[in-house]
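Novice: Got a structure here, written out as structure tokens. Questions coming.
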Amino acid sequence: MTLRGCGDAGQAFPIYITVVGGLLFLAFAYFAVGQAAANRNGAQTAADAAALAAAQDTRDQLARQWTETVSDPKRWQDIFDGNVPVAPSCWRAYQLAEENDAHVEKCAATDLLAYTVDVRTDKSVGESVIPGTENRHATASATAVIEPLCTFESPDGDAAADALPKLTCKDRDWEVDPDDLTDLPEPQDLFDVHLTND
């Protein structure tokens, strides 16, 4: 009976090796999937940051234009609509993508008040039991929009220059005094910048 037990153990050993080998392969495969998911999350983070940065730069330009022309309320609406010339802001998208170990493949103003950015990670998924992952790079896309937060009554053609309209931004009213322009809304008071799924 002792000899039979040793024989059974000898026959079970190859099965044991096969099962352990299979489990190890599955473990490495799950690890590769985890690596790919982490890489994909990194790409999305880079795309989100890049799109937001480009939109925020344009927002700041619009806010600056509003501040510079605050005494001319007839120009306010065009500024809040984004219907004024601004310098391209994609340089900020490139900057933020690089800070997140990625690079921009495409950046475009998809609307007067929106930017869409496509990025690709600089780092690959890495070597794994799944062939080809060492050359795989994650990609992602994000769109950020600039939303005006303020409303006002458009001035009449004969409105006096010293009677600027009241600016209502979310929950706050701003009484703009042309003789005292020290207390004006900040860019984030005038415009909201956020990501969109559209």
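Where a number appears in this text, it was derived from the coordinates with a stated rule and is not lab data. Given the structure is predicted, the values throughout are model-derived calculations rather than measurements. Neighbour counts run over all protein chains shown; Cβ positions are idealised from the backbone, glycine included.
Novice: What does the charge add up to near Leu112, with Lys and Arg as +1, Asp and Glu as -1, over the other residues with Cβ less than 13 Å from its Cβ? Please list the in-between numbers first.
Specialist: Numbers: positive: Arg59; negative: Asp78, Asp81, Asp111, Glu147.
Charge balance near Leu112 sits at -3.
Novice: Taking a cut-off of 25 Å between Cα atoms, list the lysines near Lys166, but don't count ones fewer than 8 places away on the same chain.
Specialist: By straight Cα distance, Lys166 reaches Lys74.
Novice: Just order 53-63, 67-77 by mean Cβ neighbour count inside 10 Å, highest at the front, would you? Don't skip to the end; give the middle numbers.
Specialist: Details: 53-63: 23.1, 67-77: 15.1.
In decreasing order of mean packing, 53-63, 67-77 become 53-63, 67-77.
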